[in-house]
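Have a look at the structure below, then the notes.
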Amino acid sequence: MKADFYATPKSKPLMRMFWQAAGGDRYILDRATYSDQIKYMCLGGIVVATGVMAAIAGGYAFYTIFEPRGSALESDYDFLTIVLSTIFGLIWGLIIFNIDRFIVTSTGKGDGTEAITWGELKSALPRIIMGAIIALTISKPVEIRMFKSEIDVELHKSQMQKQQEYLSNIEATFEGRIATEREKIVKWETEIQAKENRYVELENLLADEMGGNRGARGYGPEAQKLEQQLQRLDGEIKILKAKNAPLITEGYNNLKLFEQQKLADIDNGEKVAAGLDGLLMRIKLAHEIAGTWISLFITLLFMAIELTPIFFKLMLTKSPYDYLEENTKELMKAKQGIYIQYNYYKDKQGLERDLVRFLNVEKEILQQEKLLEAQKRLTDYAISKYEEQIKRKIDISPESFIRLEAPDVSPILEEVPEASITTTETTNAEVLEEERV
């Protein structure tokens, strides 16, 4: 019969979707009050919103980690990274959605009053810790996205400073190498140049001696000595050039190699500076830019969103939905043969425990026990009847149950002498004749 005092509003697909997200029973909610429907719709909305925020935060964090590195102010979007970030964000959002849904569904309603007692809070503490961790992982990527412009400016400054430090280190490193190599080259070239200068001096002296500028003109003993010195010095110069020329060539090659390495390291300076554009650096700069209080406020905001369903369920008072749900559960247990006697006994710690009886199982066990007992009685009866039947047959014809066979004496007769056998046979014949008479 249709109730004339109240009619439960008909639910819509969006409301039923939120019910499912909150772990509500649609069958019961369709028969509950409108306030119950709204409560579970709000709970489901928070769970869905948390999953969506987790998907956005996870996708943005993934993109920040794997995006192509470059200048913070001149970053280009990479299509492949965007696609992968979207996929990861959806997977991450679904993971967080299911975790939140489990937390909300597994959280009880406490004692059914609006007050949250210490016992209720203690029992919900593991779920609160899990929710806080989830809120923290969601808030940080959202925080760095909120302050992206300010973070990019500060990050660019850090990149430029890092690049200058890197270039300074490169200059200091290669300056020492190049200076050392040039000193070696100068030393080797100076040795050759000194010998060549001495050779030129001796040539000039020989020319003056031959021209008469230093005495008698012509090739005399002094000129002969100078010529010998020139020949000896020319040999030394050739030996020294053969020794130092490869070293000098190698030194100049090393200088070119150092210059090439220096230019290559200078080109890598931008890549090294671009390496600062990571998730950790952005979180660090977000804390520096926003400050401790603003960063804490954003984190607490997401924690409030994440933990609201838990505290909300602890503060809920019992409503028609709860009684209908309990009634449905009791009916299901009764139909399935489950009987519970609450606070039936105390365990060793003094805690009251419930006695759970599975009536269908007990019925099956009892049936099997009775069947086994009946089978035992029938078996005993059948054996007794069979015994009586056999006894009657024995009374009628006992010889049919007993068979006597004469012993085989042939091996013994083979060992006895023939005379003995004849005597024995005669004796046996006489005995038989006497018995017949």
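The numbers here are math on the coordinates, done by the rules we state, and not lab data. Computed from a predicted structure; not experimentally measured. Neighbour counts are summed over all protein chains in view; Cβ atoms, including those assigned to glycine, are modelled from backbone coordinates with ideal geometry.
If R0 is 41 Å, what FRET efficiency do you get for Gln161 and Ala304 from their C-beta distance, rounded to 0.05? The calculated FRET efficiency here is 0.60.
Quick check for you: which residues of segment 123-164 have the amide N under 18 Å from the point 7 Å beyond the Cα of Phe66 toward its beta carbon? From segment 123-164, the list is 141. With 0.36 nm allotted per residue and the present C-alpha distance subtracted, the Lys363-Glu201 stretch has 45.4 nm of extension available. Extension gain, Lys346 to Thr105: 0.36 nm times the residue separation minus the Cα-Cα distance gives 83.8 nm.
Hand me the trypsin sites (Lys or Arg not before Pro) from segment 335-377 located in a DSSP loop with no more than 11 other Cβ atoms within 10 Å, in residue order please. All intermediate terms of the calculation are to be shown ahead of the outcome.
Values: sites: Lys335, Lys346, Lys348, Arg353, Arg357, Lys363, Lys370, Lys376, Arg377; in loops: Lys348.
Filter output for segment 335-377: Lys348.
Modelled spin-label separation between Met332 and Lys238, with each label point placed 7 Å from Cα along the Cα-to-Cβ direction: 10.9 nm.
Please check which bits of segment 166-205 a label hung off Phe258 would reach, taking the label as a point 7 Å along Cα-to-C-beta and the cut-off as backbone N under 19 Å. Label zone hits: 167-191. You can think of it this way: the chain between Met146 and Phe401 has 81.1 nm of extra reach, that is 0.36 nm per residue less the Cα-Cα gap. Proximity of backbone amide H atoms, modeled 1.01 Å from N, is registered between Arg353 and Tyr344, Tyr345, Lys346, Asp347 at under 5 Å, excluding neighbours fewer than 5 places apart on the same chain.
Separation of segment 298-333 from segment 126-161 is 31 Å, based on Cα centroids.
Set the Förster radius R0 to 60 Å, insert the Cβ-Cβ distance between Ile87 and Glu250 as r into 1/(1 + (r/R0)^6), and round the FRET efficiency to 0.05. Please list the in-between numbers first.
On the way: r = 56 Å, r/R0 = 0.93.
Approximately 0.60, to the nearest 0.05.
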